[in-house]
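This report concerns only the one structure given below.
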Ligand code: PEP
């Protein structure tokens, strides 16, 4: 039995004031959510602040990115995995489509970051997903396979016991367009089948989140699908009530 996992990706949003009130909302209401693993991923500079203010013991904290280099050194502007671990992060989002599209992160770089996170004992939330153009031109499965293969090649299939996958169709992120539950389920099943061909036990256990305009009113139907094990939530995770309503639906 896979335990649902919902994570909030706060992206580059917030200030001390807004984050204090968001965390207060989470503290007040998080106990209403049971049997769901929950995480929030604030901007790196606020991780410590969130850790200091978060009293809800059923929500853990993650980061949104790490450097490819495993150790500290002359890498101006970067944050190492050891640093986010030092701050108490359990998870790190890797390969988000915004990192791929805006910052040009390649499959090879994402695979390297996955390796570095695993070596440090921080669980990667590995994002994969196709653009609308890729979906419409019929190469969706090929794109997702390539993204996964790059990581499998570097860390091996057994490492997926310690990896969370987030399927995030790029066309559904922050656009208000959600994949229908059937569309999402089809891709989740494709991902699980692909992994099962390499290791059935790992494929059965791996958590595959859906991400892309998940809101309180569409979450339950998405999470009811057989291969959808929770979600990676952007916009709606900036509101404590909405985020927890989504978590409850998982
Ligand atoms: C995301 O950025 O991971 C995401 C799913 O965003 P949104 O929920 O806003 O579409």
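Listing 210, 103 from the residue with the fewest other Cβ atoms within 10 Å to the one with the most, what is the order?
The fewest-first ordering by Cβ neighbours comes to 103, 210.
What FRET efficiency comes out for residue 13 versus residue 48 if R0 is 22 angstrom and r is the Cβ-Cβ distance? Round to the nearest 0.05.
Calculated transfer efficiency: 0.80.
In nm, give the distance between the simple-model label positions of residue 141 and residue 197, each being 7 Å from the Cα along the Cα-to-Cβ direction.
Simple spin-label model gives 0.8 nm for this pair.
Residues in the range 122-142, backbone N under 17 Å from the label point at residue 177 (7 Å along the Cα-to-beta-carbon vector): list them, ranges by number please.
It comes to 129-141, nothing else.
Below 8 Å, C-alpha to C-alpha, sequence gap of six or more: please give me the relative contact order for the range 190-250 in percent.
32 percent
How many angstrom lie between the Cα centre of the range 142-192 and the Cα centre of the range 1-58?
24 Å
For a test of the definition: using alpha carbon positions, the gyration tensor, and the 1.5 limit on a/c, classify the range 116-228 as rounded, prolate or oblate.
Prolate, because a/c is 1.5 or more and a/b exceeds b/c.
Mind sorting 131, 146, 114, 17 by how few other Cβ atoms lie within 10 Å of their own Cβ, fewest first?
Fewest to most other Cβ atoms nearby, the residues stand as 17, 146, 131, 114.
Which residue, 174, 104, 211, tops the fluctuation ranking in a GNM of the chain built on C-alpha contacts under 10 Å?
Ranking 174, 104, 211 by mean-square fluctuation puts 104 first.
So what's the back-of-envelope 222 nm ellipticity for the chain, counting only DSSP H runs of four-plus at -39500 (n - 2.57) apiece and dividing by all residues, rounded to 500?
The helix contribution divided over the chain gives -12500 deg cm²/dmol.
What is the spread of the Cα atoms of the chain along each of their three principal axes, largest first, in whole Å?
Rounded to whole Å, the extents work out to 46, 45, 33 Å.
Springs between alpha-carbon pairs under 10 angstrom, Gaussian network model over the chain: which of 166, 74, 236 fluctuates most?
74
Relative contact order of the chain, please, whole-number percent, based on alpha carbon pairs below 8 angstrom and at least 6 residues apart.
After rounding, I find 22 percent.
Quick note: the coordinates plus some simple rules give every number you see, no bench work behind them. It should be emphasised that the depicted structure is a prediction, and the values quoted were computed from it without experimental measurement. All Cβ positions, even for glycine, are placed from backbone atoms using ideal geometry, and neighbour counts span all protein chains on display.
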